[in-house]
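Trainee: Dropping a structure here in structure tokens format, bear with me for questions.
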Amino acid sequence: MYDIIVAGAGHAGCEAALAAARSGSSCLLISSDLTAVARMSCNPAIGGVAKGQITREIDALGGEMAKAIDATGIQFRMLNLSKGPAMHSPRAQADRTAYTEYMKRVLEAETNLDLLQDTVTGIEVRGGQFFGVELQSGRILRAGAAILTCGTFLNGLIHIGMNHFPGGRTIAEPPVTGLTESLVAAGFTTARLKTGTPPRVDRRSIDYSIVIEQKGDENPPPFSFSSGSIAGKEQISCFLTKTTHKTHEILRRGFDRSPLFSGKVQGVGPRYCPSIEDKIHRFTERDSHHIFLEPEGFHTNEMYVNGFSTSLPEDIQIAGLQSIPGMEEVKMIRPGYAIEYDYFHPSQIRRSLETKAVENLYFAGQINGTSGYEEAAAQGLMAGINASRKLKELPPIHLQRSDAYIGVLIDDLVTKETNEPYRMFTSSAEHRLILRHDNADLRLRKFGHTAGLVDDDTYRETLSKDDEIVRMTAFLRSKTIPAAALYNLLPAESNRPMTGGQKAASALKRPGITLNRLFAALPDFAKEARLISSNPLVHEQVEINLAYEGYLKRELLQTEKVARLESLILPETFNYHSVTGLSSEGREKLLHFRPETLGQASRIMGVSPSDISVLMVRLGR
Ligand SMILES: Cc1cc2nc3c(=O)[nH]c(=O)nc-3n(C[C@H](O)[C@H](O)[C@H](O)COP(=O)(O)OP(=O)(O)OC[C@H]3O[C@@H](n4cnc5c(N)ncnc54)[C@H](O)[C@@H]3O)c2cc1C
């Protein structure tokens, strides 16, 4: 008998299985098609705004996604470099096939982990506890715990125009039937969501004299804190074009055969990621939308048409594509489509991702109503860690909203009532200046180490980096930069007569002044500083911390205030009926969500500040 069974080897399942195995539990990863592990169903890219931060957090915690994209990326870019460091977000195009192959190799190399190609069609529950899984092959397998990561496969239904047919993720993959019904019988409630994908086209049929080339960054930093440099890696270009008035006219002609507009699709789709027909319908004032042509790998002619997600009929898709500048002769290889699927509202899980209805059963990824590889992988990692800890009778690891985007993600899932696919945005994080991609190791290695996923040497490296940052900051606070040197370094427009020197720490708050420039101007100062640390990543942290010192202090103060509420535990069996003074809406919401802490309770819509005061008095008693 295995300690843990993971059902589904998608982005959530791979991280879940690796985390469980690496933290010392024996694990079986069951998936319907083992040639399709960690398949990118939609955009062949990892990272981007907020998602890049999550990928680095996964890495800091000991997950695999960042290493996988460093090994298989075909174009790397740091987004939002014109904005402050909180918004800098790494993104990379992936070689779709190579990514799957990489992850398969890693899974196969893991000692505590076995793979099985089969489909989980039901679960067995005994006395409120997970007992085992039923497989399509007829077998029942027992385990201490299970993590379900089924993605869009549960009763999946694909739509293209007025055609619809069962499908799990791509047109070639069947859906999973039986498991939803088994979960409903075990006490869960389910609902439908929808997502969509654009057509893929032949890269040889694009007119490159018209589309605009977008190259990758010259010296991109790696996603993983342990990948080493990827600076010299071969990269290929993406291309930019846009829809025209004619495109919109053509697509409108297909609206009467659109499954979205005809009401055929019942599931709720993501408002933030509309299909092209939705964009044309909703934003009538716009006569053009950007289209990014993104290669799917080094060795394929398939190109992903980013911005053209659609479920219009195929004839309309082709005509629409051929009306886009540079795509007049384009050949479509795969049509776009929409897919509807079952999910389980995450108010049914705890922060550990364990379900409330069945002990030792965990849900992670799109089954919880999220969208995106990174969001799925993050949940898989945390579910793997926490399932493993539960079996060892250790407390779960909870990341707070101020610890990580992953903390924000999980807190939002278990606290909010949204009924559309959830994806992470930087605006969802109130502490985004703290939650930067560049400091994910400093924020999270300790949790990965506690979980057994980060080894002692790696953790020691992070501790010594932290120590160098502290010592370097103290040094910079103590050293005075002479006025003359400073004057020469300031940009001409800000040159003002200097009355005297300035501490290096203050000088670094001025625009245009960096440690490297101070080092170049003052060799003795540089020599002394480099004795403390010559690591450019330490220098970067020190610069950011000093430049944003005031804002960071304010954010830290806020996190301390919230921490008090987070430390007040609300037992799951808490009797809200017996508390007088709660508003009726507040009571109803508290009974529905059963928050685990007073902090979580305070973020539930409908629970008022006075409800929190009432609960605080009651807990105090
Ligand atoms: C058509 C489409 C378009 C999308 N568009 C976007 C987008 O634009 N932006 C975005 O961010 N995200 C998009 N997504 C979502 C993104 O692909 C998913 O959020 C992410 O892959 C979810 O990861 P997961 O691990 O939960 O599931 P998946 O990656 O789907 O993996 C599920 C795995 O589990 C296996 N499996 C399922 N059920 C069982 C079972 N019962 N037994 C055994 N194996 C099982 C499957 O074979 C598969 O390998 C899209 C998804 C689809 C399908």
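Trainee: Regarding the stretch 205-213, can at least one residue be identified that is part of a loop (DSSP other than H, G, I, E, B), under 22 Å from K67 (Cα atoms) and not β-branched (V, I, T)? Outline the logic, then answer.
Mentor: The first filter runs over the stretch 205-213 and keeps only residues part of a loop (DSSP other than H, G, I, E, B), leaving 206-211.
Narrowing further to those that are under 22 Å from K67 (Cα atoms): none.
No, that holds for no residue.
Trainee: Looking only at the stretch 35-51, which residues are over 23 Å from V305 (Cβ atoms) and in contact with a Lys or Arg (Cβ under 7 Å, 6 or more places away or on another chain)?
Mentor: V37 - this is the single residue of the stretch 35-51 that is over 23 Å from V305 (Cβ atoms) and in contact with a Lys or Arg (Cβ under 7 Å, 6 or more places away or on another chain).
Trainee: Suppose we keep only residues that are farther than 26 Å from L435 by Cα, more than 8 Å from the ligand (Cβ to nearest atom) and among the hydrophobic types (A, V, I, L, M, F, W, C) within the stretch 18-49. Which one would you say is most open to solvent (accessible area, probe 1.4 Å)?
Mentor: That would be L34.
Trainee: For the stretch 50-68, state whether one or more residues are away from the ligand (no atom under 16 Å from the Cβ) and surrounded by fewer than 24 Cβ atoms within 10 Å (Cβ to Cβ).
Mentor: As a first pass, look at the stretch 50-68 and keep what is away from the ligand (no atom under 16 Å from the Cβ): 56-57, 59-62, 66-67.
Among the residues that remain, those that are also surrounded by fewer than 24 Cβ atoms within 10 Å (Cβ to Cβ) are: 67.
Yes, that holds for at least one residue.
Trainee: From T190, T195, grab the single residue that is within 11 Å of the ligand (Cβ to nearest atom) and β-branched (V, I, T). Spell out the reasoning first.
Mentor: Working: T190 fails: within 11 Å of the ligand (Cβ to nearest atom).
So the residue among T190, T195 that is within 11 Å of the ligand (Cβ to nearest atom) and β-branched (V, I, T) is T195.
Trainee: Right, something else. Of everything in the stretch 547-567, what is farther than 18 Å from V408 by Cβ and of a type in the set (A, V, I, L, M, F, W, C)? Give them in sequence order.
Mentor: Scanning the stretch 547-567 gives A547, L557.
Trainee: Hey, another quick one. The conditions are (1) more than 15 Å from the ligand (Cβ to nearest atom); (2) open to solvent by 40 Å² or more (accessible area, probe 1.4 Å), and P313 fails exactly one of them. Which is it?
Mentor: (2)
Trainee: Scanning for something more than 16 Å from the ligand (Cβ to nearest atom) and either modelled with pLDDT of 95 or more or not aliphatic (A, V, I, L, M) (or both), does the stretch 417-426 turn up at least one residue?
Mentor: yes
Trainee: For residues that are of a type outside the set (D, E, K, R) and outside any helix (DSSP H, G or I), scanning just the stretch 429-462, find the one that is farthest from H88 (Cα to Cα). Spell out the reasoning first.
Mentor: So the first thing to find is which residues in the stretch 429-462 are of a type outside the set (D, E, K, R), and the list is 429, 431, 433-435, 437, 439-440, 442, 444, 447-454, 458-459, 462.
Next cut, outside any helix (DSSP H, G or I) only: 429, 431, 433-435, 452-454.
Working: A429: 14, H431: 15, L433: 11, I434: 12, L435: 11, G452: 29, L453: 27, V454: 25 Å.
Checking each candidate, the answer is G452.
Trainee: Within the stretch 274-282, does at least one residue satisfy the condition of being buried (at least 21 other Cβ atoms within 10 Å of the Cβ), assigned to a loop (DSSP other than H, G, I, E, B) and within 16 Å of the ligand (Cβ to nearest atom)? Quick ask: steps written out before the conclusion?
Mentor: Our first condition is that a residue be buried (at least 21 other Cβ atoms within 10 Å of the Cβ); within the stretch 274-282, this holds for 275-277, 280.
Now drop any that are not assigned to a loop (DSSP other than H, G, I, E, B), which leaves 275.
Then keep just the ones that are within 16 Å of the ligand (Cβ to nearest atom); that gives 275.
Yes: one or more hits.
Trainee: Still on this structure, please answer the following. Working only within the stretch 141-171, note down all residues that are open to solvent by 30 Å² or more (accessible area, probe 1.4 Å), within 14 Å of the ligand (Cβ to nearest atom) and either in a strand (DSSP E or B) or under 19 Å from L361 (Cα atoms) (or both). Steps first, please.
Mentor: Kept after step one, since they are open to solvent by 30 Å² or more (accessible area, probe 1.4 Å), are these residues of the stretch 141-171: 141-142, 153, 155, 157, 162-166, 169, 171.
Within this subset, residues satisfying the condition of being within 14 Å of the ligand (Cβ to nearest atom) are 141, 153, 155, 157, 164-166, 169, 171.
Scanning the stretch 141-171 gives L141, F153, L157, H164, F165, P166.
Trainee: Follow-up. For the stretch 324-357, how many residues are among the aliphatic types (A, V, I, L, M), buried (at least 21 other Cβ atoms within 10 Å of the Cβ) and on the phi < 0 side of the Ramachandran plot? Give the derivation first.
Mentor: As a first pass, look at the stretch 324-357 and keep what is among the aliphatic types (A, V, I, L, M): 324, 327, 330, 332-333, 338-339, 349, 353, 357.
Add one more test, that the residue is buried (at least 21 other Cβ atoms within 10 Å of the Cβ), and what stays is 324, 327, 330, 338-339, 349, 353.
If we keep only those that are on the phi < 0 side of the Ramachandran plot too, we end up with 324, 327, 330, 338-339, 349.
The total comes to 6.
Trainee: Now, a different point. For the list (1) within 15 Å of the ligand (Cβ to nearest atom); (2) of a type in the set (S, T, N, Q); (3) assigned to a strand (DSSP E or B); (4) in contact with a Gly (Cβ under 6 Å, 6 or more places away or on another chain), I need the number of the one condition that Q75 fails.
Mentor: (1)
Trainee: Take the residues in the stretch 548-561 that are in a helix (DSSP H, G or I) and open to solvent by 50 Å² or more (accessible area, probe 1.4 Å), then tell me which one is farthest from P220 (Cα to Cα).
Mentor: Result: K561.
Trainee: Taking the stretch 353-390 on its own, how many of its residues are closer than 19 Å to G448 by Cβ, touching a Gly at 6+ places or on another chain (Cβ under 6 Å) and more than 9 Å from the ligand (Cβ to nearest atom)?
Mentor: 1
Trainee: Residue by residue through the stretch 174-201, note down the ones that are in a loop (DSSP other than H, G, I, E, B) and open to solvent by less than 20 Å² (accessible area, probe 1.4 Å).
Mentor: Taking the stretch 174-201 as the starting set, the residues that turn out to be in a loop (DSSP other than H, G, I, E, B) are 174-175, 177-178, 186-190, 198-199.
F188, P198, P199, listed by residue number.
Trainee: Still on this structure, please answer the following. May I ask you to list the residues in the stretch 444-456 that are over 19 Å from A17 (Cβ atoms) and open to solvent by less than 20 Å² (accessible area, probe 1.4 Å)?
Mentor: L444, R445, listed by residue number.
Trainee: Here's a follow-up. Could you tell me which residue of the stretch 75-99 is nearest to T35 (Cα to Cα), considering only residues that are among the hydroxyl-bearing types (S, T, Y) and in contact (Cβ under 8 Å) with a residue 60 or more places away in the chain? Please lay out each step first, then the result.
Mentor: Within the stretch 75-99, the subset among the hydroxyl-bearing types (S, T, Y) is 82, 89, 97, 99.
Checking the rest, the ones that are also in contact (Cβ under 8 Å) with a residue 60 or more places away in the chain come to 89, 97, 99.
On the way: S89: 31, T97: 10, Y99: 12 Å.
Restricting to residues being among the hydroxyl-bearing types (S, T, Y) and in contact (Cβ under 8 Å) with a residue 60 or more places away in the chain, the top hit is T97.
Trainee: Tell me the residue from F255, F225, F261 that is surrounded by 15 or more Cβ atoms within 10 Å (Cβ to Cβ), away from the ligand (no atom under 16 Å from the Cβ), of a type outside the set (V, I, T) and farther than 26 Å from V201 by Cα, please. Before you say what the answer is, go through the steps one by one.
Mentor: Values: F255 fails: farther than 26 Å from V201 by Cα; F261 fails: farther than 26 Å from V201 by Cα.
Of the residues listed, the single one that is surrounded by 15 or more Cβ atoms within 10 Å (Cβ to Cβ), away from the ligand (no atom under 16 Å from the Cβ), of a type outside the set (V, I, T) and farther than 26 Å from V201 by Cα is F225.
Trainee: Further, regarding this structure: Since H11 meets every condition but one in (1) modelled with pLDDT of 95 or more; (2) within 6 Å of the ligand (Cβ to nearest atom); (3) more than 14 Å from the chain's Cα centre (by Cα), which condition does it not meet?
Mentor: (3)
Trainee: Applying the selection to the stretch 368-402, what residues are of a type in the set (A, V, I, L, M, F, W, C), part of a helix (DSSP H, G or I) and more than 9 Å from the chain's Cα centre (by Cα)? Before you say what the answer is, go through the steps one by one.
Mentor: Applying the first criterion (of a type in the set (A, V, I, L, M, F, W, C)) to the stretch 368-402 yields 376-378, 381-383, 385, 387, 391, 394, 397, 399.
The next check asks that each one be part of a helix (DSSP H, G or I); those that pass are 376-378, 381-383, 385, 387, 391.
Hits for the stretch 368-402 are L381, M382, A383, I385, A387, L391.
Trainee: Also, I was wondering about something else. For the structure I just gave you, tell me whether T119 is open to solvent by less than 40 Å² (accessible area, probe 1.4 Å) and more than 22 Å from S371 (Cβ to Cβ).
Mentor: yes
The values are calculated or read from the model by the stated rules, or taken from the named source; none is laboratory data. Keep in mind it's a predicted model, so treat the numbers as computed, not measured. Cβ: placed from backbone, ideal geometry, glycine included. Neighbour counts: every protein chain shown. Only protein heavy atoms, including side chains, enter the accessible area calculation; ligands, DNA and RNA are left aside. Shrake-Rupley method; radii C 1.70, N 1.55, O 1.52, S 1.80 Å.
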